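The values are calculated or read from the model by the stated rules, or taken from the named source; none is laboratory data. This is a predicted model, so every value here is computed, not measured. Don't worry about glycine lacking a Cβ; one is built from the backbone with ideal geometry, like all the others, and counts go over all protein chains shown. Please note that ligands, DNA and RNA were not included when accessible areas were found on the heavy atoms of the full protein model with its side chains. Shrake-Rupley method; radii C 1.70, N 1.55, O 1.52, S 1.80 Å.
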Amino acid sequence: MNIRNEQELIALIQKDEWMVETLEAAASLRLPDWWICAGFVRSKIWDVQLGIPGRTPLPDVDVIYFDPSDLDEAVEKQLEARLRSIKLDVPWSVKNQARMHLLNAMPPYLSSEDAMSKFPETATALGVSLAREGRIILAAPHGLQDALSLTIRPTPLFRDSHKLAALYERRIAAKKWHETWKGLTIIHTNERQIRH
C-alpha cells in the first residue's frame, strides 16, 4: 500500500495507536502552536511506502511549539520530563521555536510552521498536531510530494545559502537514511541526484 495524499496519511496515523497516544500526550501539555514533526511523520511515510513492517525506531520524537513569552530552555526540559511521566517509551525532545532562530543565527521565526519551513530537508519539514476536537491536522510547508516519493531535497533556505548547503550535505552523510530506507533519492545541493 502506498500513501498518495494528505488524507491517506492522516487516515494511517489515526489507525496507528502508538502515534495517536503520542499525539494525545503532547496535546495534554496545552502548548501554543504545538506540533510533533520531522522523523515522527517522515519515517511513518517512508516505512509505509517501502513496505517496512512494524516501525523504524526513532532517535527522538520532536515536539515543537511557539511561545515568545518564555524563551527559557529550562522550560523545555521540564516539558520533556512531564511527557516522560505520561509516556515513558518515547524519546521526547521539546523545543520552543520562538527561540530556535537564535541558535540557528536567523531572523525570528513567525510560527511553528514557519520554523518547519526552515528545516534542512523538504521531506522532514512536516508536522502533525491535534485540533481542538481531537482531529489530526498536518503542516507541510513544502508539500508532501518529496516525502511520498522518497526524495530527500534541501529546502530553499538550505539550497540557496553556501553555509547552510554545506550543513545539509554533512547532515545527509551523518544520518545515513539510505541505509535504513532502501530506495531513497537524495538530491544534493549541487542538484546531483543519487538513488539508493
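Looking at segment 118-171, the trypsin sites (Lys or Arg not before Pro) that sit in a DSSP loop and have at most 11 other Cβ atoms within 10 Å of their own Cβ are R132, R135.
What whole-number distance in Å separates the alpha-carbon centres of segment 55-114 and segment 146-166? After rounding, the separation between the Cα centres reads 22 Å.
Within the accessible surface of segment 9-97, defined with a 1.4 Å probe on protein heavy atoms only, the carbon and sulfur portion equals 53 percent. Each Lys and Arg Cβ is given +1 and each Asp and Glu Cβ -1; about its Cα centre, segment 1-77 then shows a dipole of about 460 debye. Can you give the FRET efficiency to the nearest 0.05 for I52 and N190, using r as the Cβ-Cβ distance and R₀ = 30 Å? Efficiency for this residue pair is about 0.50.
Considering every Cα-Cα pair within segment 124-182, what fraction, in whole percent, is farther apart than 15 Å? If you can, show how the numbers build up before the last one.
Numbers: 1054 of 1711 pairs.
Tail of P(r) above 15 Å: 62 percent of Cα pairs.
Calculated mean residue ellipticity at 222 nm for the chain: -12500 deg cm²/dmol, from DSSP H runs with n ≥ 4 weighted as -39500 (n - 2.57), summed, divided by the residue count and rounded to 500.
The simple spin-label model puts a point 7 Å past each Cα toward its Cβ; for V75 and A131 those points are separated by 2.7 nm.
In the chain, taking the dipole from charged Cβ atoms about the Cα centre, the farthest positive-side position among Y168, A25, N96 is held by Y168.
In a DSSP loop and with at most 16 other Cβ atoms within 10 Å, the trypsin sites (Lys or Arg not before Pro) in segment 1-101 are R4, R30, R55, K87. Scanning residues 5 or more positions from T151 or on other chains, those with amide H under 5 Å from its amide H are T185, with H placed 1.01 Å from N in the peptide plane.
Between S149 and D67, what length in nm is gained on full extension when 0.36 nm per residue of separation is reduced by their alpha carbon distance?
Working: separation 82, 0.36 × 82 = 29.52 nm, distance 3.36 nm.
Contour length minus Cα-Cα distance gives 26.2 nm.
Ordering P108, Q14, W34 by Cα displacement along the dipole of segment 1-144 toward the positive end leaves Q14 in first place; charges were set at the Cβ atoms of Lys, Arg (+1) and Asp, Glu (-1).
Give, in nm to one decimal, the length gained when the segment between K87 and K176 is fully stretched (0.36 nm per residue of separation minus the Cα-Cα distance). The partial results should precede the final answer.
Numbers: separation 89, 0.36 × 89 = 32.04 nm, distance 2.80 nm.
Separation in residues times 0.36 nm, less the Cα-Cα distance, equals 29.2 nm.
If I take R0 = 45 Å and measure r between the Cβ atoms of S161 and Q7 in this structure, what FRET efficiency does the formula 1/(1 + (r/R0)^6) give, to the nearest 0.05? My answer for the efficiency is 0.85.
Work out, in µm²/s and without decimals, the Stokes-Einstein translational diffusion coefficient of the chain at 10 °C, 1.306 mPa s, Rh from Kirkwood over C-alpha pairs. The estimated diffusion coefficient comes to 92 µm²/s. Compactness ratio for segment 1-115: Cα radius of gyration over 2.2 N^0.38 Å (N = residue count) comes to 1.13. Shown here for segment 106-155: GluC sites (Glu not before Pro) in loop regions (DSSP other than H, G, I, E, B) with at most 13 other Cβ atoms within 10 Å, namely E133.
To the nearest 20 Debye, how big is the dipole of the chain about its Cα centre, given +1 on the beta carbon of each Lys and Arg and -1 on that of each Asp and Glu?
On the way: 25 positive and 26 negative charges, 122 e Å.
Dipole magnitude for the chain comes out near 580 debye.
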